[in-house]
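Chemist: Sharing a structure, written as structure tokens. Questions coming.
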Amino acid sequence: MMCHVNALAIKLLVKNVTGLKTFHHSKSSLARTVVSHNLIADRMYSNNRNRYMPAMYPDQASCSPPFDGFIMGNHNRRSDTEYTLKSYKLNFSMYGAENPTRVSIPAVDFRSDTVTRPTQEMRQAMFEAEVGDDVMEEDPTVKILEKKVAALCDKEAGLYVSSGTMGNLVAIMAHTAHVRGADIIVGSKCHIVRYEQGGAAQIGGVTLNVVPNNPDGTFDIDEMLTQIHEGEHDVHYPVTALICVENTHNACGGRILPLSWLSSIVEIGKEKNIPLHMDGARLFNAVVAQGVSAAEITRGFSSVSICLSKGLGAPVGSVLVGSQDFIKKARRIRKVLGGGMRQVGVIAAAGLYAVENNIKRLAEDHYNTLTLANAIAELKSDLVKVNLEVVETNILFIYFDNSQLTPEEFCSRMVKVTEEERNALGDNDVCAVQMFSMDSFSARIVLHSNLTARDVKLAMKKFQFVIKEFMSRTL
């Protein structure tokens, strides 16, 4: 019987162009359940946002994608999927088959600037890209991209790689290849330490020599000097073969490394004859915020890895830049890591478009980040706080009194829309906000190119409503 009803439900749903309208006036809870579960399953595993939108939201075709379909995707991590599914069912019941108004709920995705989707112009550039075999160094689009990024940093050559993690690992292995038993100086909160599986050690055979990061992303230079091992002086130690910095610094809240501090690091590198590598995943955020060139920021660094798929909005890829000799070594290492891609110009074209068109617009992300930070700060809450003095680019850390409210509780609430919220803000001003907790006392939001002014406005209202809600519970 259930199979028969399921088949009937699917048949009627496909047949009727307005989809759920077939069941709007049905008294059968079983039929509603069948349609609900089929739609939930389809929406959870489909990346085609338009597949059911016209049927469920006939008057909302040009609005932000509906929350209950849009945020199910490949980027859910930790327990966000659980939050999403719970909220999804709630919203489907509230706004779906049993609600004749069929109000859509926009999702504002602050999880990372990596969640962006290519614009139509970027897709067109990909479609029209000239390609060749890049392992044979014959892809013209890749060559243009590599030369352009290298020139921006005043370096001799570039190498297109699949990700920032690969760019960092290739750089580390190229710089340390001449030393068996090398270590590299890294900050304790840097991406290389926290988010790359210890690849330098796991694959490159290199020890990570960790120096505590300061809140601004720098580390104490005197402390660093005590950690440098010059090998020939003591056979007990590995040989320090590289110093790495991250700019802007993700885990320190998008902080920009001061030029004066970078100059000091460069001088020490020269004095000790140790090369320097910059993880510049968000380098161009620093460029725009400081109003200086990438060449000035990276001056004196032997290599720089620049991500194209974060703030710049490309779907994939990074470019590693340095000297001709360095890139020759790096190209060989990329191959053994499985990074030799063939007609890769089809995706390199997106990165090229991003570099040529999306750098200056990063200022919009910085402005929107500060706008949201001010909206939170003006509530003067003891539960939820931000530090306006350290908001420099597109990353905002939000801090919690975790004795009363944990970051995970807050993130869980932000992805839901309650009846009270809808009544207070109105159907047109509610949204679901996705964000990540970072540790036991903080959460992070990241602004990016796919967010509209309306998204930011909705999110601002959401933050203020939810924070006030939690504040009222502690009175």
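Chemist: Considering the alpha-carbon set of the stretch 189-347 alone, what are its Rg and its Dmax in angstrom?
Modeler: Reported Rg and Dmax, both Å: 16.2, 51.
Chemist: Given an 8 Å cut-off on Cα distances and at least 6 residues of separation, report the relative contact order of the stretch 281-361 as a percent.
Modeler: 31 percent
Chemist: Assuming a ≥ b ≥ c are the square roots of the Cα gyration tensor eigenvalues, decide whether the stretch 337-385 counts as rounded (a/c under 1.5), prolate (otherwise, with a/b larger than b/c) or oblate.
Modeler: Verdict is oblate for the stretch 337-385.
Chemist: Report, in cubic angstrom per residue, the convex hull volume of the C-alpha atoms of the stretch 215-272.
Modeler: For the stretch 215-272, the hull spanned by Cα atoms encloses 92 Å³ per residue.
Chemist: Also, I was wondering about something else. How fast does the stretch 224-314 diffuse by Stokes-Einstein, in µm²/s, taking the Kirkwood radius from C-alpha pairs at 25 °C and 0.890 mPa s?
Modeler: 173 µm²/s
Chemist: While we're looking at this one, here's another question. At 1.4 Å probe size, with the rest of the protein present, what percent of the exposed accessible area of the stretch 368-475 is carbon and sulfur atoms?
Modeler: 48 percent
Chemist: Something else now. By the gyration tensor of its Cα atoms, with a ≥ b ≥ c the square roots of the eigenvalues, what is the shape of the stretch 106-258: rounded for a/c under 1.5, prolate for a/b over b/c, or oblate?
Modeler: Verdict is oblate for the stretch 106-258.
Chemist: First check a/c for the stretch 374-414, with a ≥ b ≥ c the square roots of the eigenvalues of its C-alpha gyration tensor; if it is under 1.5, answer rounded, and if not, answer prolate when a/b is larger than b/c or oblate otherwise.
Modeler: Note, shape of the stretch 374-414 comes out prolate.
Chemist: Then there's this: With a 1.4 Å probe and all protein chains left in place, how much accessible area per residue does the stretch 250-338 have, in Å²?
Modeler: 36 Å²
Chemist: Taking θ = phi - 60°, what integer Hz values does the Karplus form 6.51 cos²θ - 1.76 cosθ + 1.60 yield along the stretch 421-435, in sequence order, with x for Gly and Pro?
Modeler: 5, 5, 5, 6, 9, x, 4, 7, 10, 9, 7, 9, 10, 9, 7
Chemist: Using modelled amide H (1.01 Å from N, peptide plane; none on Pro or chain starts), what sits under 5 Å from the amide H of GLY187, excluding residues fewer than 5 places away?
Modeler: The answer is VAL211.
Chemist: Over the stretch 358-443, give the accessible area per residue in Å² for a 1.4 Å probe, as an integer.
Modeler: 44 Å²
Chemist: Rank by packing, highest mean first: peptides 417-426, 161-170, with packing defined as the count of other Cβ atoms within 10 Å averaged across residues.
Modeler: 161-170, 417-426
Chemist: Of all the accessible heavy-atom surface of the stretch 100-167, with the other protein chains kept in place and a 1.4 Å probe, what percent is carbon and sulfur?
Modeler: 52 percent
Chemist: Determine the dipole magnitude for the stretch 175-278: charges of +1 sit on the beta-carbon of Lys and Arg, -1 on that of Asp and Glu, nothing else is charged, the reference point is the Cα centre, and the result goes in debye to the nearest 20.
Modeler: Value, rounded to 20: 360 debye.
Chemist: With a 1.4 Å probe and all protein chains in place, put ASP113, ASP234 in order of accessible area, largest first.
Modeler: ASP234, ASP113
Chemist: Moving on to the next point. Of LYS329/LYS360; LYS143/LYS272; LYS385/LYS416; LYS270/LYS329; LYS189/LYS270, which sit over 31 Å apart, Cα to Cα?
Modeler: LYS329/LYS360; LYS143/LYS272
Chemist: May I pose another question? Excluding ligands and nucleic acids, what accessible area in Å² is computed for GLU271 using a 1.4 Å probe, to the nearest 10?
Modeler: The accessible area of GLU271 comes to roughly 140 Å².
Chemist: Follow-up question, since we're still on this one. List the GluC sites (Glu not before Pro) within the stretch 145-204 that fall in a DSSP loop (any state other than H, G, I, E or B) and whose Cβ has at most 15 other Cβ atoms within 10 Å.
Modeler: Qualifying residues, ordered by number: GLU156.
Chemist: Continuing with this model, one more query. Quote the accessible area belonging to SER323 in square angstrom, nearest 10, computed with a 1.4 Å probe and with ligands, DNA and RNA left uncounted.
Modeler: 50 Å²
Chemist: Further question on the same structure: Keeping every protein chain present and rolling a 1.4 Å probe, give me the accessible area per residue for the stretch 124-229 in Å².
Modeler: Accessible area per residue, the stretch 124-229: 46 Å².
Chemist: Using a 1.4 angstrom probe on the protein heavy atoms only, could you order TYR237, TYR399 from most to least accessible area?
Modeler: TYR237, TYR399
Chemist: Note down the accessible area of LYS457, probe 1.4 Å, to the nearest 10 Å².
Modeler: Its accessible surface works out to 110 Å², give or take rounding.
Chemist: With a 1.4 Å probe and all protein chains in place, put ARG180, ARG332 in order of accessible area, largest first.
Modeler: Heavy-atom accessible area, descending, gives ARG180, ARG332.
Chemist: A further question on this structure: Return an integer: the convex hull volume of the alpha-carbon atoms of the stretch 423-475, in Å³ per residue.
Modeler: Taking only Cα atoms, the stretch 423-475 has a hull volume of 89 Å³ per residue.
Chemist: A further question follows. Quantify, in whole percent, the carbon and sulfur part of the accessible surface of the stretch 252-308 (1.4 Å probe; protein heavy atoms only).
Modeler: Here carbon and sulfur together make up 45 percent of the probe-accessible area.
The values are calculated or read from the model by the stated rules, or taken from the named source; none is laboratory data. None of these values were measured; they are calculated from a predicted model. Note that each Cβ is placed from the backbone with ideal geometry, even for glycine, and that neighbours are counted across all protein chains shown. Quick note on the areas: whole protein, heavy atoms, side chains included, nothing else; ligands and nucleic acids left out. Shrake-Rupley method; radii C 1.70, N 1.55, O 1.52, S 1.80 Å.
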